[in-house]
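Working notes for the structure below.
Just so it is clear, none of the values below were taken in a lab; they were calculated from the coordinates. As the structure is a prediction and not an experimental result, all values here were calculated from the model. Positions of Cβ are backbone-derived with ideal geometry, glycine not excepted, and every protein chain shown enters the neighbour counts.
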Amino acid sequence: MKQLIRTLLALGPGLLALPAFALTSKADVLAAIDSRRATYEKLALDIWDYAEVGYQEVKSSAALQERLRQEGFAVEAGIAGMPTAFSATYGSGSPVIAILGEFDALPGVAQEAVPEKKERAGATAGHACGHHLFGAGSAAAAVAVKEWMEATGRKGTLRFYGTPAEEGGSGKVYFVRAGFFNDVDVVLHWHAGDRNAVRLSSSLANKSGKFRFRGVAAHAAASPDRGRSALDGVEGMNHLVNLLREHVPDSTRIHYVITRGGEAPNVVPAFAEVYYYVRSPSREVVQDVWARVEKAAQGAALGTGTTVDWEVTGGVYELLPNETLARAMHANLLAVGGVPYTEAEKEFAAKIGRTLFGQPVAVETAATVLPFDPKSASSGGGSTDVGDVSWAAPTVGLNAATWVPGTPAHSWQAVATGGTTIGLKGMIVASKTIALTAIDLFTTPELVATAKAEFVERRGRDFKYTALVGDRAPPLDYRD
């Protein structure tokens, strides 16, 4: 598919020119998205190729900005203290409907778009969470809704937020903290996944940061008594935190990687660094456990004769669900339908399935939409900075089947499938669902009013937002 799109482009720009439509109905909007899918498929695959990590998504952000600018949106770049963040706006007045778009990749999962593990030459990162599809698919939806607004004379404001560094950089937190959602009535988003669903679920709140130990270098054999190992400080901290695991709520997750451990075994390390995440369904628990992790770091430094300081690099709230919006979006997802596979895609999926489970997987589930069940709400297993957005304005999202069923996020299999027609088909499902839901919001004031009332009830009237990252500036170098 990637090569086919590039071949079409080489034959002439007219083949991918965006035709003009008088979009006066939902059917017109769906037809417009279908007719222009090659443009947004190419955009998604370009971003897949760029595979830029958080706060370094220069080409990815620029590509999305240019597409939206060409379609008549007013684009403002470099907002909320982030060079790759942007807003794209059309219209004025109420309601204000915002659509989110992500575009950052993950380090260490470079992969070709093939069903066996094959590292992509010259790449150090990959779209293992499907954010290349997220940004491009959301842009396609925004453009279709904008043209519908033009054709129908519908009043209101449509806003696209290009949000960098979701993967650990908490990019949307800085949007919220700077007030970019203060006037927004409803926020729409989606995410890559292995199924099509709208869930009334939350996520895990998360706080992350880097602990840096400093000691004294010395010859590890000739004068070890003169040294104080920063790596000992890291290992001491890790041991204390692993003991802590017994004494935290069952749903708490603590992860770490040693990012610097020294340069040579015969040199006592003068510097070492460990990168920590703490997660829980409750941000209050996250804050409590994080404070205890900080104490573990201080204790380890005291016991090893080193010093320690730390930098909080990320922190996100749990998602605040909204049943009113979820039911409306689910109805539109049902109308759009799932992702049917061609024979070639079934063959690809069978090979991916063997790498995951030792046997092919049932791909039929990709063509279906999961039932909406408000009683099945859970906190899931991941975290997202959409959580902070959901406490600033009523928010709803969906998952689309951009991966082979059973594929875990952050895997090479997710990178591979996201670069194929399977991923691109799922992106179009999400784009259509978001567009239809936005139209409902612009045409049904009572839907917006009911969603906002539920939002206030769930959030609490006395809620006051305080970012888990505190008042720090965006950590633009956290991937360095």
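Projected onto their three principal axes, the Cα atoms of segment 205-315 cover extents of 50, 23, 18 Å, largest first.
3J(HN,Hα) along segment 258-265, derived from phi through the Karplus expression 6.51 cos²θ - 1.76 cosθ + 1.60 where θ = phi - 60°, amounts to 7, 8, 9, x, x, 10, 8, x Hz, with x in place of Gly and Pro. In sequence order, segment 36-49 has phi-based couplings of 10, 4, 4, 4, 7, 5, 4, 4, 4, 6, 4, 5, 4, 5 Hz under the Karplus curve 6.51 cos²θ - 1.76 cosθ + 1.60, θ = phi - 60°, and Gly or Pro positions carry x. Spacing of the modelled spin labels on K346 and E323, each 7 Å from Cα toward Cβ, amounts to 4.0 nm. Per-residue Cβ neighbour counts within 10 Å put H189, H239, H247, H132 in the sequence H247, H239, H189, H132, beginning with the fewest.
Pairwise Cα distances in segment 282-323 exceed 16 Å for 51 percent of all pairs.
Take the Kirkwood radius over Cα pairs of the chain, plug it into Stokes-Einstein at 20 °C and 1.002 mPa s, and you get 92 µm²/s for translational diffusion. Fewest-first ordering of K432, K452 by other beta carbons within 10 Å of each residue's beta carbon gives K452, K432. Helical runs assigned H by DSSP (4 residues or longer) give the chain a calculated mean residue ellipticity at 222 nm of -13000 deg cm²/dmol, each run adding -39500 (n - 2.57) before division by the residue total.
Assuming charge only on the beta carbon of Lys and Arg (+1) and of Asp and Glu (-1), the dipole of segment 205-315 about its Cα centre is about 160 debye to the nearest 20. Helix 421-443 and the long axis of the chain differ in direction by around 70°, with both axes built from C-alpha atoms.
The tail of the calculated P(r) for segment 311-457, taken as Cα-Cα distances beyond 27 Å, holds 32 percent of the pairs. Taking 0.36 nm per residue of separation and subtracting the current Cα-Cα distance, fully stretching the chain between V58 and E119 would add 19.7 nm.
Counting 0.36 nm for each residue step from T152 to K464 and taking away their Cα separation leaves a gain of 108.5 nm.
Along the axis of the charge dipole computed for the chain (Cβ charges of +1 for Lys and Arg, -1 for Asp and Glu, origin at the Cα centre), the listed residues V241, A136, G169 are led at the positive end by A136.
Between the alpha-carbon centres of segment 193-254 and segment 17-84 there is a gap of 38 Å. In terms of distances greater than 27 angstrom between alpha carbons, the cross-link table entries K42/K452; K118/K346; K42/K346; K207/K295; K117/K210 yield K42/K452; K117/K210.
A full extension of the chain between L302 and S376 corresponds to an added length of 22.0 nm, given 0.36 nm per residue minus the alpha carbon distance. Label reach from D288 (point 7 Å along Cα→C-beta): in segment 165-207, amide nitrogens under 20 Å belong to 203-207. Modelled label positions at A473 and A362, each set 7 Å beyond Cα in the direction of Cβ, lie 5.4 nm from each other.
Placing dummy labels 7 Å off each Cα toward the beta-carbon, the span from A178 to A22 is 4.1 nm. Expressed in units of 2.2 N^0.38 Å, where N is the residue count, the Cα radius of gyration of segment 77-181 is 1.29. Simple point charges give the picture: +1 on the Cβ of Lys and Arg, -1 on the Cβ of Asp and Glu, and for segment 38-102 a dipole about the Cα centre of about 160 debye. Positive end of the dipole of segment 205-315 (Cβ unit charges, origin at the Cα centre): among G227, G262, V278, the Cα lying farthest that way belongs to V278.
In the structure shown, do any of K26/K375; K172/K351; K375/K432 have a Cα-Cα gap over 32 Å, and if so which? Over 32 Å Cα-Cα: K172/K351.
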